[in-house]
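Have a look at the structure below before the remarks.
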Amino acid sequence: MKLQDSSEPLDVEKCDLSGSRFNDVNLSGTVLDNVNLSGTSFSDVNLSHLKINKARMSEVAITDVNLSDAVLDNVNLTGLRINDACMSKVAITDAALEGMTINGILVTEMLAAYNASKK
């Protein structure tokens, strides 16, 4: 099915839209609930103010994307790789950090050294 030059909201339930392509589309305010995005690719996308809760997005590629002010809550980021990213004002709380590295340095070791220096 092809939709072009339309501005009507869609209400989609229990459908298989795998393999779909979206180009130059406004999806602002869209709600995705119980959706499989594995293998999805996002490129040149504005995801600012994105809110993700309980996401399962294995093998997702996100390139040249604006994630400013995004909120990730209860999300599994195991194996996540971040390259060439602006991380200013990023806050990470209540996270499992075992095995996480920044520039090849274990974060748990950095935090242990920091905490030891404060004593």
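Coordinate-derived values only; no laboratory data. Keep in mind that what you see is a predicted model, and the values were worked out from it rather than measured.
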| Reachable aspartates and glutamates, given that their alpha-carbon falls under 19 Å from the alpha-carbon of LYS118 and they are not under 8 places away in the same chain | GLU109
| remark: antiparallel share of DSSP beta bridges within the chain, to nearest 5, in %, is 20 percent
| field | Chain lengthening between ASP5 and ASN74 when straightened (0.36 nm per residue, less Cα-Cα) | value | 21.2 nm
| Nearest 10 degrees, 0 to 90: what angle lies between the long axis of helix 107-118 and the longest principal axis of the chain (Cα atoms)? | 40 degrees
| Here are several values of percent of Cα pairs over 21 Å apart: [x] 44; [y] 40; [z] 52. Which one was derived from the coordinates shown? | [z]
| task | Please work out how much length the chain gains when fully extended from ASN34 to ALA113, using 0.36 nm per residue of separation minus the C-alpha to C-alpha distance, in nm with one decimal. | result | 24.3 nm
| Partner lysines for LYS54 [C-alpha distance under 29 Å; skip if fewer than 8 residues away on the same chain] | LYS14, LYS89
